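Just so you know, all these numbers are worked out from the coordinates, no wet-lab data involved. Predicted model only: the values in this text are computed from it and were never measured. No Cβ is skipped: glycine too gets one built from the backbone with ideal geometry, and neighbour counts run over all protein chains shown.
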Amino acid sequence: MKHFNKKLTFFIKTFGCAMNENDSEKLSGMLKALGYVEENDINKVGLVIFNTCSIRENADDRVFGNIGAIKTVKKTNPDLILAVCGCMMQQPEIVKKIVRTYPQVDLVFGTHNIHQFPELLNNFLVNGQRMIEVWEDSDAIVEDLPTDRRYPFKAFVTIMNGCNNFCTYCIVPYTRGREVSRQPGKIFNEVQALVADGCVEVTLLGQNVNSYGNDLEKDVNFANLLRKLNTIENLKRIRFMTSHPKDLTDAVIEAIADCDKVCNYIHLPIQSGSTRILKAMNRKYTQEDIINRVQKMKDRIPDVAITTDIIVGFPGETEEDFMETLKVIKACKFDSAFTFLYSIRTGTPAATMENQIPEEIKHDRINRCLEVLHQIGHDINQNYQDRVVEVLVEETSRNNPDRMTGRTRTGKLVIFEGDLSDIGKQVMIKITDAKTFSLDGKKIEQEETDGRINPYDDPVPENS
């Protein structure tokens with residue numbers, strides 16, 4: 001039997017979305033329950049976990065680069081255990097590549113059997129044999145896993161897993177499976193427990209939160225869930241991600257408008273503004289639908305901030321299609337966007353489509369797209385100049401330890417002079433310098449707000 005280092009220390013590196021971050025918090029929680037301690041020096045640690053993402057090709061490349069680097073680490077620390085999990089592991093060809101090419105990987109598991117990790121780890125420690133255990137799918141969400149939250153004052157809460165949409169470019173339905181919703185009572189109880197533990201903000205997670213409840217009882221839906229959670233005493237903020245435009249109903253918009261704890265921030269990934277390309281993507285909405293939905297949100301939700309995702313260079317995208325996307329961006333005035341070059345995902349319909357776009361055209365278009373987005377974002381942020389906003393303080397600034405950072409209810413990053421005692425608190429900040437990607441401000445005392453409690457007493461001008 002192989003001799004193993006008895007150091008009960010671990011290091012987790014997370015790739016990808018908030019769902020992966022939430023999974024990593026659960027992995028950390030399970031390990032700490034077993035007596036493990038987190039260690040940030042990868043050269044000293046006993047266990048390394050890479051929690052992977054498969055949404056883009058460059059994410060795969062980064063993971064394989066990190067796996068390759070562990071081979072060198074293992075030369076000086078041969079008892080190091082390397083586990084690889086997450087969305088990439090749900091692809092059989094990826095697992096085969098790891099088994100064939102990367103002997104330094106000791107454990108492999110997927111998104112559906114994360115709860116099995118302690119058992120897999122123990123089996124490896126006892127038998128000394130590589131463990132490969134990936135479930136193809138699951139029709140249930142495992143409840144009550146221990147979670148090691150990064151922030152004590154805010155938390156992720158998974159309300160559903162999976163996706164039924166099968167967009168032609170996306171691997172997620174193959175890695176996360178079909179949609180499975182949690183019972184609303186269990187979600188409510190979890191949020192209540194989090195609030196009792198000092199949490200003031202929750203972010204509801206799902207590949208498509210707007211589909212929540214479609215597999216449950218008739219009256220269970222996302223709008224009603226928001227209204228129910230809004231009644232929880234001492235909960236201050238409710239966020240959610242991600243919304244699919246085709247499922248963003250009037251009922252959800254009305255719930256956001258009515259519920260004071262639901263933040264006036266919506267991430268609405270449109271992916272393209274061309275109706276022709278949207279059809280090829282199997283998105284099931286049109287350019288007109290996007291513009292109408294965004295206008296409805298702006299009419300009903302005061303001071304709403306709307307962000308989006310844009311894919312540039314989808315197969316067959318013409319210059320005219322790209323210009324249609326720019327048209328929608330300008331019409332909707334998104335606060336910001338995550339922009340991506342189309343990336344071939346093996347196993348998806350788009351991977352074999354004709355008219356794949358050359359890389360140089362993709363790069364030209366994404367640069368032009370960013371130029372428009374950045375100007376709109378700058379103009380929107382200028383409306384925050386000299387306003388007083390409520391900020392939930394999260395941590396020290398990465399660039400200046402004497403400054404703190406936090407988020408407004410609209411998701412804006414605010415940087416201000418403060419101290420560690422502000423972390424986890426909601427403070428009032430007067431914006432002194434509105435920039436394109438962040439807002440600088442000055443903390444003000446309660447009496448300086450003239451008794452105002454609502455941080456949006458200084459409204460954004462109507463022409464914003």
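Tabulated results
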quantity	calculated
For the chain, cysteines whose Cβ has no other cysteine Cβ within reach (under 4.7 Å)	Cys17, Cys53, Cys85, Cys87, Cys163, Cys199, Cys259, Cys263, Cys332, Cys369
Only Lys, Arg (+1) and Asp, Glu (-1) charged, at Cβ; the stretch 9-133 dipole about Cα centre in debye	380
Beta bridges by DSSP in the chain, antiparallel share as percent, to the nearest 5	35
Listed peptides 349-357, 312-320 by packing density, highest first (mean Cβ within 10 Å)	312-320, 349-357
If the convex hull is drawn through the Cα atoms of the stretch 364-425, its volume per residue in Å³	103
Trypsin sites (Lys or Arg not before Pro) within the stretch 34-129, DSSP loop, no more than 16 other Cβ atoms inside 10 Å	Lys44
Ranked packing of 76-83, 394-401, most packed first, by mean Cβ within 10 Å	76-83, 394-401
The stretch 9-133, Rg to Rh (Cα coordinates; Rh as Kirkwood inverse mean 1/r)	0.92
Only Lys, Arg (+1) and Asp, Glu (-1) charged, at Cβ; the chain dipole about Cα centre in debye	1180
Gap separating the Cα centres of the stretch 345-383 and the stretch 308-343, nearest whole Å	5
Within the stretch 277-392: Cβ-based charge dipole about Cα centre, in debye rounded to nearest 20 (Lys, Arg +1; Asp, Glu -1)	420
The chain: calculated mean residue ellipticity at 222 nm from DSSP helix runs of at least 4, using -39500 (n - 2.57)	-10000 deg cm²/dmol
The chain: radius of gyration and largest Cα-Cα distance (Dmax), Å	23.0, 71
Sparse-neighbourhood loop sites, chymotrypsin sites (Phe, Trp or Tyr not before Pro) in the stretch 142-223 - DSSP loop, at most 15 other Cβ within 10 angstrom	Phe166
Taking the chain and dividing mean pair separation by its residue count, relative contact order in percent (alpha carbons under 8 Å, at least six apart)	9
Dipole of the chain, positive end: most advanced residue of Cys259, Cys53, Met428 [Cβ charges, Cα centre]	Cys53
Whole-Å distance, taken between Cα centres, linking the stretch 188-209 and the stretch 2-60	23
